[in-house]
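Since the structure comes first, as structure tokens, the remarks are kept for the end.
The values are calculated or read from the model by the stated rules, or taken from the named source; none is laboratory data. The structure presented is a predicted model; accordingly, all values stated were derived computationally and were not measured. Heads up, the Cβs are rebuilt from the backbone with ideal geometry, glycines too, and the neighbour counts pull from every protein chain shown. The area values use the complete protein model at the heavy-atom level, side chains included, leaving out ligands, DNA and RNA. Shrake-Rupley method; radii C 1.70, N 1.55, O 1.52, S 1.80 Å.
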4 protein chains.
Amino acid sequence: MIVITSNHTPEERIQEIIAVIEKEGLQAHVSRGNDRTVIGLIGQIEPKLAEHLRQMKDVENVVKISKSYKLASRDFHPENTVISIGDVKIGGGELVVMGGPCAVETPEQIDEIARLVKAAGGQVLRGGAFKPRTGPYSFQGVGVEGLIMMAEAGKKHGLLTITEVMTPEYVDVCAEYADILQIGTRNMQNFDLLRKLGSCGRPVLLKRGFSATYDELLNAAEYILAGGNPDVMLCERGIRTFETYTRNTLDLSAIPVLQQLSHLPVISDPSHGTGRRELVEPMAKASVAAGADGLIIEMHTDPDNSMTGDGVQSLFPDQFAGLLQDLEKLAPIVGKTFKAAPSTVQV
Amino acid sequence: MIVITSNHTPEERIQEIIAVIEKEGLQAHVSRGNDRTVIGLIGQIEPKLAEHLRQMKDVENVVKISKSYKLASRDFHPENTVISIGDVKIGGGELVVMGGPCAVETPEQIDEIARLVKAAGGQVLRGGAFKPRTGPYSFQGVGVEGLIMMAEAGKKHGLLTITEVMTPEYVDVCAEYADILQIGTRNMQNFDLLRKLGSCGRPVLLKRGFSATYDELLNAAEYILAGGNPDVMLCERGIRTFETYTRNTLDLSAIPVLQQLSHLPVISDPSHGTGRRELVEPMAKASVAAGADGLIIEMHTDPDNSMTGDGVQSLFPDQFAGLLQDLEKLAPIVGKTFKAAPSTVQV
Amino acid sequence: MIVITSNHTPEERIQEIIAVIEKEGLQAHVSRGNDRTVIGLIGQIEPKLAEHLRQMKDVENVVKISKSYKLASRDFHPENTVISIGDVKIGGGELVVMGGPCAVETPEQIDEIARLVKAAGGQVLRGGAFKPRTGPYSFQGVGVEGLIMMAEAGKKHGLLTITEVMTPEYVDVCAEYADILQIGTRNMQNFDLLRKLGSCGRPVLLKRGFSATYDELLNAAEYILAGGNPDVMLCERGIRTFETYTRNTLDLSAIPVLQQLSHLPVISDPSHGTGRRELVEPMAKASVAAGADGLIIEMHTDPDNSMTGDGVQSLFPDQFAGLLQDLEKLAPIVGKTFKAAPSTVQV
Amino acid sequence: MIVITSNHTPEERIQEIIAVIEKEGLQAHVSRGNDRTVIGLIGQIEPKLAEHLRQMKDVENVVKISKSYKLASRDFHPENTVISIGDVKIGGGELVVMGGPCAVETPEQIDEIARLVKAAGGQVLRGGAFKPRTGPYSFQGVGVEGLIMMAEAGKKHGLLTITEVMTPEYVDVCAEYADILQIGTRNMQNFDLLRKLGSCGRPVLLKRGFSATYDELLNAAEYILAGGNPDVMLCERGIRTFETYTRNTLDLSAIPVLQQLSHLPVISDPSHGTGRRELVEPMAKASVAAGADGLIIEMHTDPDNSMTGDGVQSLFPDQFAGLLQDLEKLAPIVGKTFKAAPSTVQV
């Protein structure tokens, strides 16, 4: 960490800053420049100290040299984390495709979609039982019944399941029925929820907040890791920018950046990341080409009548199956493996 | 609501769209242009219908003409909402100043700061007992003890109190000790928390999410109003933009815009909105000039040693008192009243 | 175009609006809803009319149904534009790779880099002779001499050349020496420059402004097309967002979106789009997977000593050659062709 | 300047970096931390060196301690710049109000508006003769005739004039007819234009690019200052954010920030900064409260029929006059003076 002092800071003020640093058992290295004086801190630095120094008079800036997260960092854990759930390994070279509807609606709906996800080669069934909605008058999900429907569909068709949990009190019931818990973009900094996930016993897919920096996403993951749960996937799902033609701007650079900063698997969500069906296929391929460890994609048998209105970004089953055929060819070019189902399966 | 169809949409497809509209008991008015066909919907429209129509094939866009929130809208409630708590009236022409530390630290600290807030003319004491923090290793607040300390300080010095509640399970205890509950920027779309606030029995100050649109903020307020709590204040506290010199970009246009769209009082937070002490004073004045009903400002007796590191944006007591002196002169120019304390009070 | 009037607009005011519309020789279709009245315009609408209507009293909003650009639109020109320059066809299924240094420095430098671009399979040599720089004290390019050096290197090695033109007065000299003229991100709305390019006789690569919407980019292209030059390529090069880890956020959704809205070829610039060498390769692949018609990539033989400081985003020659080998395999998966040079060429 | 090296950089690599620094005649101070090594540079640093160091292998980051601009900096020029034009002094404590139409249309229009600006107490007449427009089919201004019309109106009514210059070749003619030259937001980084303004002999109002940082704005000003023209005003006119309800987000924090970083006067443009007439008045007052040295405001006698469509953000003459009455009361509270015209003047 480095402390930069204002122009012409008096010597006694610099000595005060040094005293604060040394009181914490750290060494202070002083470089006096023409315009500024810079003080380097050496030793194990508590986060609070940066905050303290930043607010001292005459301190113009405090630059952190080391990262604020540790367990999520590749510096700390150089090897890729590979999350094993049943036969599926996430982060280990096998491309993982999660598909399904925005919301679980009926047993028949989720069963039929599960059949189609499996038939296309997907490994995980996605579906929301509880839905976060901007306004209070929109459809809010079918609740615990939806979890049960999805668990049965997953079991029957040999798929893992993933569902979103929105509040700490529902973590246990979601963990009972689903194989993977998903944290939505609006909850990335719901810190009580993150803490609760530290001990939920299930892998977690953590979606990037739509205005969160990479650093904030990794700090959010740190909450879960620090709580004792090592199985966290990071998910890029689009950020909010000035461009409104797409619902969000899918930031694919996040994939190689997060893989470089962290050892955790990185999943891409081209459905929410674009909000437009016709962009899902090219952006899914682009995600894999950029190195994604997996994809989470909305697919619906009747998107015109989905209950959440997210049908506008859901693939039709034949588009989903066609995409997975292409991914089988694309994956090896970037050092991944993926096996789409034989095209003879009837969609 | 208006449905815009793609170029050259076949007539039977348009008839299908009309059938969907009429099935809901609404009228459909069709205008055929050179390039597009536009269908206007007339009647009471359910939110789900917009979503359904948007995802139908050939529908290029759905434009909402009416707002998605109702109780928060000035169309629905033309008169200003005035929130009365004890002697203080918020939204009724009296400028309200809330001051205090980022975090409650000790009984002595909060008592001394309360004395200074009162002495300067402030009406409400602010202070956090539970702190939302980006990383898990930062100071997280002193908890319920802090609520008690603040309640005592407020009572002793004749100030109302406001504190942040971060999770549904803490709503009751916060409502027991504080006069106003604050929802932080990261929780603006924590929908379970919003629902719980609908029945908390306390006025709520709802901070704008740092990437939330006005529309999303008003929809978040709608959750609380729809839950039965009419006493909601909206708070502009800075949005995230490309400019990083300031911690956030305080969007003061939000003040007149929200007052025009809604009847709810609008409070400005120049401390978080700028993140820099030297900007708090000019931006506080600018907020009042733009029409704010109140201000929430961080003040600390020893900002260099605040426990959260937010001291960097906290005013010193004499700056706070000086600002309030200026606000007394400024308020009448924009049709507000404010009474700073006599300058003889010793700071 | 649709005009939406405020709540409870009096009938005579609506009649005034209709009169304005009909005076322009257009038809007005009126739909009266519960809250708003909507007036649809039918006929050939002048851009000025939208502006006029928007500023009339009681007009709440004007929604354009048709696009503001015409020549750039796929509605107007359904077939892909294919730009032929010598043997190279851009936009027709052949992937085009443009490579070279940020700035032309010396004859030896540009000659050696041209040799390496050709050896790797690239078709176009890029290099800046005039450099736009944020501050006045940075290196500003070697000027016309650089154009000559680059033209000779291109000719010798059988490469087309592309260079940036920054100001109208230099269009002619750049067009004399280079095969393609590039408009930089800061000049996307330099309208005099755009007009001048309408008659420059050379294909133009138009970079998206770092804060320009798709619509603004296509309107900028419209200036060039309307000036009589049909050979415009659109280039995504990263937009400015809140994320600062990358220099820009490369918005790959722009590729399929622009190809859908327009018939013009779309090129991706992963070098400026990320600003970090280690991200260029994954984002180049992702660009091709998303459907890009070409890539423009910085490559330097001695990036540590580049004169502009952009070496930090330049590939080393062996990285460039390796990337092009991978693109040869990737292109067919998305329906493109590309031929990297034989790996026996010595880099 | 500080160079931060990657984790575990070998000693010989650090020595190479030091050699580069010392070759430039600078001193290098090395601090070795647990994770990183930090090298401080002492002496007069050329901009190119930062760029060179940043791209060296093992260099993780280069942090500039000093600013990249010099002449624009308050460090270099501690006293406020006061620009004197005739009787008007800008930046010296007198609030300056510039008012007028978006575009000059006819001699009668500009004469009548000039009369009203003067009658209200404004000191400068604004008006565009050349208009930058997003699309090629919009009204582009009346050209040099407009300059003449405006000059005459200004002279007749005793007002200074300001007009936008869009391209280097028009600098001379604009400087002939107008007292102040304005650089529009899209041209803030039109570097040839900036260079030309260095010797134009007129004060320049430089508008912040709608996505420019404070640092970039000050570097753009540096181009003009370095060219020999000391009379530059900085203008905040709204930035592009995710919020689309307003045309731009007026960033009023820019006012105190720029005044702190620089000695140049700061003007606010609440018309373009909001794009909505009803927001101009509150945001004009907020700008003054935040410390602005002046305002530039659109006013039109017939905004419903303005030729550019910007009438939607133009004040009516009586609104303009009323605002200036309020500013007379507001200015002294923030240490400024302003004299609105007597209310007996007939509007």
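Those helices (runs of 4 or more DSSP H) of region D:121-213 in which at least 1 residues are more than 10 Å from chain C (Cβ to nearest Cβ) and touching a Lys or Arg at 6+ places or on another chain (Cβ under 7 Å), considering only elements entirely within it, cover D:144-157, D:171-177. Out of A:227, A:238, A:201, one residue alone is within 25 Å of residue A:254 (Cβ to Cβ), open to solvent by 10 Å² or more (accessible area, probe 1.4 Å) and among the small types (Gly, Ala, Ser). It is A:227. Scanning region B:147-191 for residues that are open to solvent by less than 50 Å² (accessible area, probe 1.4 Å) and under 23 Å from the mean Cα position of the chain (by Cα) yields a total of 31.
Taking residue D:308, is it polar (S, T, N, Q), more than 9 Å from chain C (Cβ to nearest Cβ) and more than 25 Å from residue D:85 (Cβ to Cβ)? Here the answer is no, as residue D:308 does not meet what is asked. Evaluating residue A:88 against the criteria (1) within 21 Å of the chain's Cα centre (by Cα); (2) within 14 Å of chain B (Cβ to nearest Cβ) leaves one unmet condition, (2).
Residue B:337 falls short on exactly one of the conditions (1) of a type in the set (Ser, Thr, Tyr); (2) within 9 Å of another protein chain (Cβ to nearest Cβ); (3) over 30 Å from residue B:196 (Cα atoms), and that condition is (2). On the stretch given as region D:223-252, residues that are out of contact with any His (no Cβ under 9 Å at 6 or more places or on another chain) and within 25 Å of residue C:241 (Cα to Cα) total 14. Answer yes if at least one residue in region C:329-345 is more than 26 Å from residue D:21 (Cβ to Cβ), within 20 Å of the chain's Cα centre (by Cα) and of a type in the set (Ser, Thr, Tyr), and no otherwise. Scanning region C:329-345 turns up no residue that is more than 26 Å from residue D:21 (Cβ to Cβ), within 20 Å of the chain's Cα centre (by Cα) and of a type in the set (Ser, Thr, Tyr).
Can you name every residue in region B:1-30 that is of a type in the set (S, T, N, Q) and either open to solvent by 50 Å² or more (accessible area, probe 1.4 Å) or more than 26 Å from residue A:278 (Cβ to Cβ) (or both)? Of everything in region B:1-30, those that are of a type in the set (S, T, N, Q) and either open to solvent by 50 Å² or more (accessible area, probe 1.4 Å) or more than 26 Å from residue A:278 (Cβ to Cβ) (or both) turn out to be B:15, B:27.
I'm trying to understand the selection: among the residues of region B:54-84, which are modelled with pLDDT of 85 or more, of a type outside the set (S, T, N, Q) and open to solvent by less than 20 Å² (accessible area, probe 1.4 Å)? I'd like the intermediate steps shown before the answer.
Of all residues in region B:54-84, those modelled with pLDDT of 85 or more come to B:69-84.
Narrowing the set further to residues that are of a type outside the set (S, T, N, Q) leaves B:69-72, B:74-79, B:82-83.
The answer is B:69, B:72, B:83.
Only one of the numbered conditions (1) more than 14 Å from chain D (Cβ to nearest Cβ); (2) open to solvent by 20 Å² or more (accessible area, probe 1.4 Å); (3) over 24 Å from the mean Cα position of the chain (by Cα) is violated by residue C:40, and that is (2).
Within region A:31-73, restricting attention to residues that are in a strand (DSSP E or B) and among the charged types (D, E, K, R), which residue is farthest from residue D:43 (Cα to Cα)?
Quick first cut of region A:31-73, residues in a strand (DSSP E or B) only: A:31-32, A:37-42, A:59-63, A:73.
Filter once more, so that each one left must be among the charged types (D, E, K, R): A:32, A:60.
Details: A:32: 10, A:60: 20 Å.
Taking the candidates together, the pick is A:60.
Considering region D:275-300, and only residues there that are within 9 Å of chain B (Cβ to nearest Cβ) and of a type outside the set (A, V, I, L, M, F, W, C), the residue that is farthest from residue D:100 (Cα to Cα) turns out to be D:291.
Cβ-Cβ distances below 8 Å connect no pair with a first residue in region C:96-116 that is not assigned by the TED database to the domain that holds residue C:139, a second residue that is open to solvent by less than 40 Å² (accessible area, probe 1.4 Å), and a separation of six or more residues or different chains. Restricting attention to region D:214-253, the residues that are out of contact with any Leu (no Cβ under 6 Å at 6 or more places or on another chain), hydrophobic (A, V, I, L, M, F, W, C) and more than 12 Å from chain C (Cβ to nearest Cβ) add up to 1. Go through region D:148-189 and count every residue that is free of Cβ contacts under 8 Å to residues at least 12 places away in the same chain and more than 20 Å from residue D:88 (Cβ to Cβ). Selection size over region D:148-189: 1.
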